[in-house]
Amino acid sequence: MNFLNSVITRTKGYTEILNGVMANRLPVEANGLSSVHKAVLISALLRQTEKKAVLITPDEAEAARLNEDLEALGLSTLLFPSRDYFLGSLVAASKEYEHKRIDTLSKLLDGAFELLILPAEAATQYTAPPEKLNKSRIKISLGDTVKQNELISTLLLAGYTRSELVEGAGQFAL
């Protein structure tokens, strides 16, 4: 992948974009690139500047493509999906996207990423404030002692569902 970075960093367009980033003339824009070329450009910029970045894409499909390409180039990326909206009555609903969103927000709090990729729709949707999310996080390690009633209360307040048998994410049982 260093070969691709060395090729792109010698182009005039790359130098102009890099100078804009380094001078904080943001946001920057590059048009007419294929998905792979975008990924190589972004990878080179992040490697050279050693900065974290946010990339807003037109839709989820483009975000997923770029995420896959950037991970293949060795970047630590976070993809923040849009919230699923349901119009009408449902018998059951998966909370898969909510879990992905919360996991991404948690990783953002930890700083465990180089690039955050946001579909435009996801960028406009409300999320929990960082302070509230941070207060809702709990970490239990092997050997820790936890008061059962406090743990149950914390899990319920965080949106978990108590059940007799855990069948999926977002549930807990005693």
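The values are calculated or read from the model by the stated rules, or taken from the named source; none is laboratory data. Here the structure is a predicted model, which is why all the values come from computation and not from measurement. Cβ sites come from the backbone with ideal geometry, for glycine too, and all protein chains shown count toward neighbours. Surface areas here come from the heavy atoms of the whole protein model, side chains and all, with no ligands, DNA or RNA. Shrake-Rupley method; radii C 1.70, N 1.55, O 1.52, S 1.80 Å.
What the table shows:
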| read-out | value |
| --- | --- |
| Fully extended contour minus Cα-Cα distance, from ASN149 to LEU174, at 0.36 nm per residue | 7.9 nm |
| Cα gyration tensor category, rounded, prolate or oblate, for the stretch 93-146 with a/c compared to 1.5 | prolate |
| Lysines with Cα under 21 Å of LYS38, excluding same-chain neighbours fewer than 8 positions away | LYS12, LYS51, LYS52 |
| Integer Hz, Karplus 6.51/-1.76/1.60 couplings in order for the stretch 14-24, x for Gly and Pro | 4, 4, 5, 5, 4, 4, x, 5, 5, 8, 6 |
| In nm, spacing of pseudo-spin labels at GLN48 and GLU167 (7 Å Cα→C-beta vector) | 5.4 nm |
| The stretch 111-120 - phi-based ³J(HN,Hα) in whole Hz, Karplus 6.51/-1.76/1.60, Gly and Pro as x | x, 8, 6, 10, 9, 9, 10, 10, x, 3 |
| Area of SER35 that stays accessible when all protein chains are in place (1.4 Å probe, Å², to 10) | 30 Å² |
| Amide hydrogen neighbours beyond the local backbone of LEU79, cut-off 5 Å, H modeled | ILE117 |
| Highest-fluctuation residue, GLU114, GLU68, GLU50 considered, GNM on the chain with Cα pairs under 10 Å | GLU50 |
| Rounded Å value of the spacing that divides the Cα centres of the stretch 144-174 and the stretch 19-76 | 39 Å |
| Under 12 Å from the Cα of LYS100 - aspartates and glutamates, other chains or at least 8 residues apart | ASP84 |
| Heavy-atom accessible surface of the chain: percent carbon and sulfur, 1.4 Å | 55 percent |
| Model label zone, SER35; criterion: amide N under 19 Å from point 7 Å along Cα-to-beta-carbon; scope the stretch 99-143 | 115-122 |
| Helical contribution to [θ] at 222 nm, DSSP H n ≥ 4, -39,500 (n - 2.57), averaged over the chain, rounded to 500 | -14000 deg cm²/dmol |
| Candidates ALA39, ALA23, ALA63: whichever shows maximal mean-square fluctuation once the chain is modelled as a Gaussian network with Cα springs under 10 Å | ALA23 |
| Solvent-accessible area per residue, Å², over the chain with all protein chains present [probe radius 1.4 Å] | 69 Å² |
